[in-house]
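Just so it is clear, none of the values below were taken in a lab; they were calculated from the coordinates. Just so it is clear, the structure is predicted and the values come from calculations on it, not from any experiment. Methodologically, a virtual Cβ is constructed for each residue, glycine included, from the backbone with ideal geometry; neighbour enumeration extends over all protein chains shown.
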Amino acid sequence: MTNPENKITVTYAQDDVQQILQLALANRSEAGELTKAQVLEIAQEMGISPEELLAAEQKWLAQRNELEEKLVFNQVRQEKLKESAIKYAIVNSFLVLLNLVTTHSLSWSLPILLLWGLWLALDAWKTFQVKGEDYEKAFQRWRLKKQVGKSIGFLADKIFKNLQS
């Protein structure tokens, strides 16, 4: 953008351009949503080919799908942690009471309580760690396991239907 008064050229970083365009698009559309035709029109005005737009849309859909899968993955991990914490509370309450009733002190149940508690705390730390290489590896393993399970289920359904025919 050139200012006619002093001929200074203003430049924008790519992130700034994206934010400016997003704001302009938000102001342009009344309901906050654009039709596919409107998106194509905007892309054409910006010099983006339909093929480039399609590739970008597919990449966006893949990223959105992965984000949704990660949310499910995080919920599954949190549920497992919750189950582990409940088991910890039940079993260790019983062990502490048994220890108190039999020896009138916390002798043998205390090490179990502390070691299991340490393991549970480490598991909680791992559960709420949602960034990094270990998280990504765990997510990819979970995703692969889920996909293999779907494939086996699909194959079993197909075999079962063929047996019935």
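Report the FRET efficiency, 1/(1 + (r/R0)^6), for K87 and L155, where r is their Cβ-Cβ distance and R0 is 35 Å, rounded to 0.05. Could you put the intermediate results ahead of the total?
Numbers: r = 34 Å, r/R0 = 0.98.
The value I calculate is 0.50.
Quick one: angle between helix 50-103 and the longest Cα principal axis of the chain, in degrees between 0 and 90, rounded to 10, please.
20 degrees
Kindly express, to the nearest 10 degrees and within the range 0 to 90, the angle between helix 109-127's C-alpha long axis and the longest C-alpha principal axis of the chain.
Roughly 10 degrees, rounded to the nearest 10.
Among the listed pairs K59/K158; K59/K137; K126/K146; K36/K59; K80/K146, which have their C-alpha atoms separated by more than 26 angstrom in this model?
The answer is K59/K158.
When only alpha-carbon atoms are used, what values of Rg and Dmax, in angstrom, describe the chain?
Rg then Dmax for the chain, in Å: 28.1, 92.
Rounded to whole Hz and in sequence order, give me ³J(HN,Hα) for the range 131-139 from the Karplus expression 6.51 cos²θ - 1.76 cosθ + 1.60, θ = phi - 60°, writing x for Gly and Pro.
9, x, 5, 4, 4, 4, 4, 5, 5
Can you spot the aspartates and glutamates whose alpha carbon is less than 12 Å from K70's alpha carbon? Ignore those fewer than 8 places along the same chain.
Within reach: E136.
Return the aspartates and glutamates within reach of K82: Cα separation strictly under 19 angstrom, same-chain partners fewer than 8 residues apart disregarded; answer none if there are no such residues.
D123
Sorted by packing (mean other beta-carbon atoms within 10 Å per residue), highest first, where do 44-51, 70-77 land?
Those peptides, ordered most packed to least, come out 70-77, 44-51.
Have a look at L40, W116, A62 and report the one farthest towards the positive end of the charge dipole of the chain, computed about the Cα centre with Cβ charges (Lys/Arg +1, Asp/Glu -1).
With unit charges placed on the Cβ atoms, the residue in question is W116.
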